[in-house]
1. Just checking the output field for A:391-400: average partner chain Cβ neighbours within 10 Å of each residue's Cβ?
2. For chain A, what log10 I(q)/I(0) values come out of the Debye formula at q = 0.07, 0.08, 0.10, 0.11 1/Å, with one point per alpha carbon and no solvent?
3. Along Cα-to-Cβ, 7 Å out, sits the label point; list in nm, shortest first, how far the one on residue A:488 is from those in the other copies.
4. Taking +1 at the Cβ of each Lys and Arg and -1 at the Cβ of each Asp and Glu, which of B:120, B:364, B:40 sits farthest along the dipole of the protein assembly as shown towards its positive end, judged by Cα position relative to the Cα centre?
5. Report the local net charge at residue B:244: Lys and Arg +1, Asp and Glu -1, summed over other residues whose C-beta lies under 13 Å from its C-beta.
6. Roll a 1.4 angstrom probe over the protein heavy atoms and tell me the percent of accessible area of the protein assembly as shown that is carbon or sulfur.
7. Mind checking the dipole of segment A:30-96: about its Cα centre, +1 per Lys or Arg Cβ, -1 per Asp or Glu Cβ, Debye to the nearest 20?
8. Sorted by average packing, counted as other Cβ atoms within 10 angstrom per residue and highest first, what order do A:75-82, B:500-507, A:163-170, B:414-421 take?
Number of protein chains: 2
Amino acid sequence: MSQTRRHTRTERRSTVTSPLANIPWQAIQNRMSPLSRLDAESEEKIHEASMRILEEIGIAFMDDEALDLWAWAGAKVDRARQLVRLDRHLVLELVAKAPQQFTWRARNPAHNLTIGTNHINFVPNGGVVFTQDMDRDRRPGEMQDYRNLLKLVQMCNALHFTGEQLVVPHDIPVSFRHLQRSLAALTLTNKAYMEAAHGRIIAGDAVQMAKIVFGEDITQSHEPSLGGVINASSPLRYDERMIGGMLTYARANQALIITPFILAGAMSPITMAAAVAQQNAEALAGIAFTQLVRAGSPVVYGGFATNIDMRSGSPAFGTPEGAWATIAGGQMARRYGVPYRNSGTLNNSNVPDAQAAYETMWAIWPAVLSYANVVMHAVGWLEGGLTVSYEKMIMDMENLAMFQHFFQDVEISDETLALDMIAEVGPGGHHFGTPHTQARYRTEFYSPFLSDRQNHENWVQSGVGDAATRANKVWKQVLKDYEQPPIDEATREELEDFVARREKELQGVELYS
Amino acid sequence: MSQTRRHTRTERRSTVTSPLANIPWQAIQNRMSPLSRLDAESEEKIHEASMRILEEIGIAFMDDEALDLWAWAGAKVDRARQLVRLDRHLVLELVAKAPQQFTWRARNPAHNLTIGTNHINFVPNGGVVFTQDMDRDRRPGEMQDYRNLLKLVQMCNALHFTGEQLVVPHDIPVSFRHLQRSLAALTLTNKAYMEAAHGRIIAGDAVQMAKIVFGEDITQSHEPSLGGVINASSPLRYDERMIGGMLTYARANQALIITPFILAGAMSPITMAAAVAQQNAEALAGIAFTQLVRAGSPVVYGGFATNIDMRSGSPAFGTPEGAWATIAGGQMARRYGVPYRNSGTLNNSNVPDAQAAYETMWAIWPAVLSYANVVMHAVGWLEGGLTVSYEKMIMDMENLAMFQHFFQDVEISDETLALDMIAEVGPGGHHFGTPHTQARYRTEFYSPFLSDRQNHENWVQSGVGDAATRANKVWKQVLKDYEQPPIDEATREELEDFVARREKELQGVELYS
């Protein structure tokens, strides 16, 4: 793309007021104290239980290279059972090497992110199999959906990351999916980049693609340009795929979000106390391992504990138990001085209805109030994460924008207290037409793009329908409005060449999806 | 009703597992620190601005008796403008007489409530004109709706109050509405009683009816058996109707919930700082007035500040601005050591859809996390409070039950940390069948009555539909399950006689609705 062309685009861009650009791109800080549910004694008990899990029961690391590293570090390694027993001093010493806060670089440096303390960053849905919208039935995701979702992500100022595995692109061969996902993420968006840390090959390719975009020297910096989620195979187990991802990203100084996925009553004892203690043990073991691989490499403590529905045996999302675990998990992460990850739109609903919305809120309110520095799955989920809904994505984007506004500082000054105006209008008057109101009415309040505030008569006459019906119109509009962010032509060619080369090399290679 | 008959009912009751009784009736305490947005300096600035509003601008009290009382107390009274200027020492001295916490008695003493500190109590919707359900169109409310709503309230263990003005019963003459509302509330439910504090006559009748049920001596106790909401006619004004209610309830030692209703940009300057400062001034003036009428009478600081939608000029509910004001308002109430009221289901939607649900969550999460001791409108609202929806009521009841579960203490002990089980199951196992899980699986987690957790295939096959469709079935089931709580036959006759007598006396008398 020529310099001139790029300029034109940038200028045109600034005049577009696409629905999802109703707020500026902006970092979020939560200046309230984080929620806290555990008293000092309870927190200590959970810590102590976790330490005993690590010391007495141990964690399985199902990979020889990992077992070698642990043996080298002095852990008690049971090769036959692939089991590692970790002394608390060893674990805590390693965890202490992890940075408390770090910068996650984005393709557009204006979109660089701070991960840690009270900074809140939103990531779109991930790990999803199906997609649905109101025009077409639920169906397996395809690459076209993947691109569409990325375009919505790029256009939504309230989202901070590209996300990873927004939906499975079933029409792409398994061995090539990561390449196509990353190519799309790095060219259709300019936000902070994620790719699945699934085994050495996928993760290695992601590091190479990050190098093409961000430079060969990214492995020398503790500021990652790439990152991905690691799920423990709970209970108490990291499998080869995950360890491969951890080794590859940590060695390259890229970010790892270590997230045990625990359904209490299935992968842990049914009591949430045990679920959070086990989560803590698993997360700390994973974090310690990243620091053993490379001290100081960026890593995040992930919490993803909720309950099972004991009637159906299926996972239950957006629950009071999950909310408790989110808060308790955040407290534990702060204890060890590492950034925290939780989730935004966990829900069980099959349609973007009231249940989808309220369960989502049961996930995201505790997350943002617990200093979840990385809020995964912050848009789009339905069906416990099996499906991404275009309409639900738009609804969630409205709520993220509301959170961005909510966390902004409210100025308390003579100017905003406006005693002169209160005096002038006096008892029983109204403030509609005052200069103080007139000067601010376009900018003072959050202005929704989806929520409808018409009275009943107007709403009936307008025929705009319910939130899902309106969301259907919004995502179509945004896809029309979409403009690709500028990218250096040589970089783009290099990415495409890399993908073409790797697709030849990986032809027929069996990869984790 | 004979003693025998009543016993039979009580026994039968205990075996009913109606959907809304999926949790026990239970008081709620929020053991987390309250949310806090204002630093000490900002809080001080808001306080100072409020004091200057009271001292320099003044509050209109549009009632001669009120002006007499203020003059007697030493306030600067401008009779011509019905304006009272209040020295800060006078206001704060009076506010200091208000109890920090009090017991609100219920007809069933097991349902007595604690109002103050970290106790959270839920009240149904109030002040509503229309009703809707999925079978019938939106329509003006009728007495049959009123009774139905009360039956749902009684059956919902997560609701603590009868509520007031659940919907306008348009088929009852205006002069009799309060009598029929109260008769229904006091006989169809046994929860804490509310009736509109609208002028001397309505409020006086409510006090009489409370005496019939709770005893003649209720006015001697600071533990109210009755209470109602007072809305300032913002900006800076209490009208005759509200003052009549305040005088009547405060003199009888019944509870007053003093709530300025402020839409920033209309009833106050557009900046939320000014809205909250003005709310604070109005609330303190109202609270001080109740203590001037009767020192120590139970009173609550109400917050109800949100923004106007600047495109339509209509109120905007469930907004980031409203959430900020809820938190700031709670902080101010705590500063003065008085209980706090806020609201639960504020939303603008015309239907019980995702917008209705997420806006509701934007109201209730900040409210319960800000120690709103009385959460009004905690179920049922649609259309900015113009309509109560039967289906929305059921959705909200599910969420209140979830909050009840969420706020319960989670035991952290050797028993719940279950290290022995974690060791026994070991890495890669599962906890479904362990004795620890089996012993708890019926009771450990919140079990929803509305939320559906079926996977997609089962959900399609079951044909249960979306949340609103399922809620429609639930409220019909609960109305079938409803059983009237026992009431002393003599008491009931006395209430009915009182209502009959007052209806004769009030024939043709023009009353506030």
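1. If you average over the peptide's residues, the count of other-chain Cβ atoms is 2.
2. The Debye formula, applied to the Cα set alone, gives -0.39, -0.51, -0.79, -0.94.
3. Label-point distances to the other copies, shortest first: 8.7 nm.
4. Ranked along the dipole, the leading option is B:364.
5. Working: positive: B:200, B:241, B:251; negative: B:63, B:64, B:65, B:205, B:239, B:240.
So the environment of residue B:244 carries a net charge of -3.
6. Numbers: 16100 of 33770 Å².
C and S atoms contribute 48 percent here.
7. Values: 9 positive and 14 negative charges, 31 e Å.
For segment A:30-96, the charge dipole is close to 140 debye.
8. A:163-170, B:414-421, A:75-82, B:500-507
The values are calculated or read from the model by the stated rules, or taken from the named source; none is laboratory data. Keep in mind the model is a prediction, meaning the values are calculated, not measured. Note that each Cβ is placed from the backbone with ideal geometry, even for glycine, and that neighbours are counted across all protein chains shown. Calculation scope for accessible area: heavy atoms of the full protein, side chains included, ligands and nucleic acids excluded. Shrake-Rupley method; radii C 1.70, N 1.55, O 1.52, S 1.80 Å.
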